[in-house]
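Written out below as structure tokens is the structure these notes cover.
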Amino acid sequence: MADRIPSNVYGTDGVHAETHLRDSGFVMTGHHCHSCYELFYVHRGECRVLINERINDLHTGDFILIPPMMLHYTRYHNGECLRSVILFRREDVPDDILSCMPGGGRFFSEAGVFQVPESSLPEVEQSVARLVAEDGNSDPLSPFLRRSLLHILLLTCSRVCVFHPGTAGEIRTNDQQILRAARYITENYTHPITTEDVAKAVGFSPNYLTRKFRLSAGIGLHEYMVFIRLHHAAQELVTTGDSITEIALRCGFSDSNYFKDSFKKKYGVTPRAYRKMT
């Protein structure tokens, strides 16, 4: 499970689910990724999920689906948040279930937010609770039941939820400058941009932007630049045949050794190993 494995890369041997109460004092390992899918659900409260260049504010009744090997970071910034995490593999979802999801085969290809209407909250909450309860069962039939319960949950969501695939959730108005800073980095990550460049683009002093960015997004500005560069480098590793050094330079890393060290720290494997495993 995500909270039990001491690594930046988490996996699963089937369908697993757990529920935890988190608050602003909870610290995870920072941005991390999974070799499986993560379905994240907020029962009560709110949290912020940074994934790729997007800042997603999740509230009660919100799901976010995170595909494999996609770097993300969760921050519990405003009181307590009760949330569930469901991990599963693509082979745990048969094609006939997939065909019922919005967009069919595209549903699992990108991060997406979907919301449960208030009238359907009891039904969805019950489905999640049954899945979590079954995860603590050592019965030999439990893996099959968990898979079936996942199917029920996905089909229920397909029927009742409002889907926003590939889009950010609600962004707080007073964080618009931070979103602008994130977009500036996304649009210029291939160049040797500095904190001063980003601050000038959004109209803040470098020191103020650095403090505000960490407070809002949960990670430092420089760390976010590396986050974005690694994300794009990971994509290029599996979509091009270019050398690792070429990809590193193209994604804004001036030192290929620093790129390799940063990549392994965030993904848990070397760039070469990542290319082979995906």
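None of the figures in this text is laboratory data; all of them are computed from the coordinates on show. Everything quoted here is computed from the prediction, not taken from an experiment. Reconstructed Cβ throughout: ideal geometry from the backbone, glycine too, with neighbour counts over all protein chains shown.
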- Would you list, by chain and number, the aspartates and glutamates whose Cα falls below 13 Å from the Cα of residue 265, excluding same-chain residues fewer than 8 positions away? 223
- Counting sequence-distant residues (5 or more places) and residues on other chains, those with an amide H built under 5 Å from that of residue 112 are 65, 166
- Return the distance in nm (one decimal) between the two label points of a simple spin-label model at residue 222 and residue 155, each offset 7 Å from Cα along Cα→Cβ. 5.3
- Query: In the set (i) 63, 36, 34; (ii) 54, 42, 34; (iii) 116, 48, 43, which value of Cα extents along the principal axes in Å was calculated from the structure you see?
  - Reply: (ii)
- Query: Looking at 195, 39, 136, which one has the Cα that reaches farthest to the positive end of the dipole of the chain (charges on Cβ: Lys, Arg +1; Asp, Glu -1)?
  - Reply: 195
- Task: Using θ = phi - 60° and the Karplus relation 6.51 cos²θ - 1.76 cosθ + 1.60, list the HN-Hα couplings for the stretch 266-272 in order, rounded to whole Hz, with x at every Gly or Pro.
- Result: 8, 9, x, 9, 6, x, 5
